[in-house]
Amino acid sequence: TPAPLPSTSEKPVVPAPVPSTSEKPVVPAPVPSTSEKPVVPAPAPETSTSCTEEEHPSSAAYKPAPLPSTSEKPVVPAPTSTSCTEEEHPSSAAYTPAPLPSTSEKPVVPAPVPSTSEKPVVPSSAYVPAAPSSPAASIPVAPSSPAASVPVAPSSPAASVPVAPSSSPAPYIPAKPSSSHVAPPAKPSSYHAAPPASTSQAAPKPKPSAPSYGTGSWNKPNGKKWAITYTPYTKGGDCKPELEVQTDIAKIADLGYVAIRVYSTDCGVFENVIPATLKYGIQVIYGIFLDAATAPGSDGANEQLQDIIDNAPKDTASMLIVGNEYISGHGGDAGSLASYVAAVKTKWVAAGFTAPVTTTETVAAWEQYGSALCDVIDIFAAQVQPYFDGGKTASEAGDFAISQLEQAAKICPEAAAKGKFISEIGWPAGGSPNGAAVPGKAEQKEAMQSIIEKVGDHACIFSYQNDNWKNPGAYNVEQYFGCADNL
């Protein structure tokens with residue numbers, strides 16, 4: 001009979017005298033012996049997703065009200081997600097979710113999890129077998145970075161390699177002058193003023209034993225005039241006869257220049273040019289021409305070096321320049337050039353020469369690759385061509401030369417402290433305009449006056465005569481830098 005049931009009947013929430021609540025579960029009259037496990041009434045539908053009743057063992061007086069609200073929402077944060085199995089929640093007199101055991105630290109193998117598990121669903125990408133070495137792959141993790149389990153091969157950037165201009169002179173052959181002339185730069189932009197380097201090489205510690213190459217017997221400028229480039233080639237590129245060479249050297253001396261720069265040893269340099277310089281008291285800046293065919297250490301390069309050692313008068317040698325824009329103009333690399341300059345210096349000094357040894361590059365090339373060369377050069381030399389900057393007029397050529405040389409010399413401060421020079425500088429008398437730079441006879445004269453006034457005593461003027469055998473170049477100016485008649 002239902003009447004004698006105690007006040008703690010299966011309907012703990014609704015008072016017993018209310019019969020009209022038919023919607024509540026009706027308890028059968030014959031209460032079974034297992035009644036100690038009260039049936040949870042329907043008014044608590046939100047507990048339908050909670051852990052099963054087996055997780056809450058019976059007690060002397062079942063009181064559902066004190067159950068914490070979190071027991072009905074077993075949603076566990078992603079890092080500690082666990083299923084509602086009995087093993088994870090040991091029975092107690094009163095179930096309290098707060099002291100949940102740290103079973104979430106144990107890796108939960110995905111296979112045994114039943115399909116009805118309320119664990120956070122982990123994307124399948126977290127279990128991609130491509131990353132078997134990662135033990136965390138079996139632990140449910142936040143899906144924010146599923147791709148982390150898939151190793152991705154990092155891409156390797158291509159090594160920076162100095163790009164050789166498209167054109168380069170023919171291999172060095174002593175019998176043919178075209179093999180050793182100064183190859184015109186295929187890209188005039190290589191002469192552009194480069195922005196100051198953000199990280200200039202720190203000045204190395206001084207070496208007291210190293211000689212100082214200031215103004216001395218090897219470098220004796222005549223006021224604001226020092227040197228001019230000279231190539232013993234005719235307009236067609238053949239070798240000039242001895243008499244013509246002597247006439248040229250005499251004119252250079254009459255103009256007040258005390259040195260010439262040659263680029264190689266071909267076309268009668270020692271047969272015709274050097275005897276004429278001795279006659280007129282002209283010093284010589286010797287050169288070893290390098291390009292792809294005549295690379296550093298090659299037979300062609302070494303033959304030039306040996307020719308100079310065997311035939312150059314020591315007392316009139318002004319300096320030795322190994323390579324002419326070998327990096328920026330001929331696609332060479334700084335490492336091989338540096339090694340060769342060092343080797344040349346060893347032989348040069350062993351042969352009894354005291355004049356400095358160096359190389360020369362554009363300002364941009366010095367800033368990009370020059371740090372590899374600083375330790376092997378005795379003095380600093382750079383190529384400066386105001387016309388190719390495109391933003392300077394003829395009257396600004398001298399000031400531009402000063403700023404460019406100072407900018408480049410910062411790369412190798414120790415060498416520059418011993419001496420810094422411009423190995424080529426000029427202005428074309430013909431060709432096409434390059435921005436503000438306009439070629440022409442009048443413009444050339446104005447530019448050369450500015451250059452001589454500002455840097456003449458440490459700049460090598462380019463050049464004695466027009467080089468009609470050259471490629472005209474991008475602005476059709478390469479053949480028209482001859483200025484002996486316009487100084």
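Of note:
- Count - residues of region 260-295 that are of a type in the set (A, V, I, L, M) and under 29 Å from residue 336 (Cα atoms): 10
- Scanning region 216-246 for residues that are touching a Phe, Trp or Tyr at 6+ places or on another chain (Cβ under 8 Å) and part of a strand (DSSP E or B) yields 219, 222, 225, 227, 228, 229, 233, 239.
- Looking across region 221-246, just one residue is out of contact with any helix residue (DSSP H, G or I) (no Cβ under 9 Å at 6 or more places or on another chain) and of a type in the set (Lys, Arg), and that is 235.
- Check on residue 326, surrounded by 24 or more Cβ atoms within 10 Å (Cβ to Cβ) and within 16 Å of residue 381 (Cα to Cα): yes
- The one condition in (1) open to solvent by 50 Å² or more (accessible area, probe 1.4 Å); (2) of a type in the set (Val, Ile, Thr); (3) modelled with pLDDT of 95 or more that residue 249 fails to fulfil: (1)
- Among residues of region 450-487, those that are assigned to a helix (DSSP H, G or I), open to solvent by less than 60 Å² (accessible area, probe 1.4 Å) and within 18 Å of residue 253 (Cα to Cα), counted: 6
- Selection within region 252-281 - open to solvent by less than 10 Å² (accessible area, probe 1.4 Å), of a type in the set (Gly, Ala, Ser) and within 19 Å of residue 355 (Cβ to Cβ): 259, 264
- The requirement of being under 38 Å from the mean Cα position of the chain (by Cα) and farther than 14 Å from residue 223 by Cα is fulfilled somewhere in region 448-457, by at least one residue.
- Region 378-393 - residue that is of a type outside the set (Phe, Trp, Tyr) and open to solvent by less than 10 Å² (accessible area, probe 1.4 Å) and, of those, farthest from residue 347 (Cα to Cα): 386
- Some residue of region 247-257 being in contact with a strand residue (DSSP E or B) (Cβ under 6 Å, 6 or more places away or on another chain) and part of a loop (DSSP other than H, G, I, E, B): yes
- Among the residues of region 300-341, those identified as under 23 Å from residue 458 (Cβ atoms) and of a type in the set (Asp, Glu) are 315, 325.
- The set of residues in region 406-449 being hydrophobic (A, V, I, L, M, F, W, C) and open to solvent by 30 Å² or more (accessible area, probe 1.4 Å) consists of 417, 436, 438, 442.
- In region 458-477, the residues that are in contact with a helix residue (DSSP H, G or I) (Cβ under 9 Å, 6 or more places away or on another chain) and not aliphatic (A, V, I, L, M): 458, 463, 464, 465, 469, 473, 475
The values are calculated or read from the model by the stated rules, or taken from the named source; none is laboratory data. Please read these numbers as outputs of a predicted model, since none were measured by experiment. In this analysis, Cβ positions are derived from the backbone assuming ideal geometry, glycine residues included, and neighbour counts consider all displayed protein chains. Quick note on the areas: whole protein, heavy atoms, side chains included, nothing else; ligands and nucleic acids left out. Shrake-Rupley method; radii C 1.70, N 1.55, O 1.52, S 1.80 Å.
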